[in-house]
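The values are calculated or read from the model by the stated rules, or taken from the named source; none is laboratory data. This structure is a prediction, so every number in the text was calculated from the model and none was measured. When we count neighbours, we look across all protein chains shown, and the Cβ atoms used for this are built from the backbone with ideal geometry, even at glycine.
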Amino acid sequence: MLCEQCKQAPATVHITQVVNDVRRETHLCEDCAEKAAGDIGSAWTGISFSKLLGGLLAPESMAGLASPSPATVGRCPNCGLTFADFRRLGHLGCSECHVVFSQQLEPVLRRIHGGTVHAGKIPARQAGPLKVRRELEGLRQELKEAIGKEDYERAAVLRDRIRLLERHRG
């Protein structure tokens, strides 16, 4: 899609205005968007995803989080990125960075995504059986832990729940 004003550059900024229940969409390139910012009366120009993520990682937004221990501060041995660089840039340098900075990234990911485990998307046709299978896997793991802790009452409840799910599944 081309910019609606200059009709030359690709439109990378998409603005939706709703005034008196009338919706107006405008698609602009970055240059035209900067020029139009004064007309729109907003301060959104120059905001990119990396700047937004960098803002979420700013020291004031991380207040209350445990500061990283000296052992976790450093550079990625693969690309040389530091956590300070990540906070400034808003993205990791390579696949190793996730491992190197895992302690510092965990609270950030938890705050942004609500968790640290990728759940993915489930196709509608597979949702039922897949949910049951995942629940069974979780229950079996809990059962092992309960037996290991010698919490046999909890283990019996989990065993019965597993049997019930397997009967209905199968």
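Miscellaneous remarks
- Criterion violated by residue 93 - all others in (1) assigned to a helix (DSSP H, G or I); (2) of a type in the set (Gly, Ala, Ser); (3) touching a helix residue (DSSP H, G or I) at 6+ places or on another chain (Cβ under 9 Å) satisfied: (1)
- Residues located in the range 69-82, provided they are at pLDDT 85 or above and hydrophobic (A, V, I, L, M, F, W, C): 76, 79, 81
- Condition check for residue 89: modelled with pLDDT of 80 or more and out of contact with any strand residue (DSSP E or B) (no Cβ under 9 Å at 6 or more places or on another chain): yes
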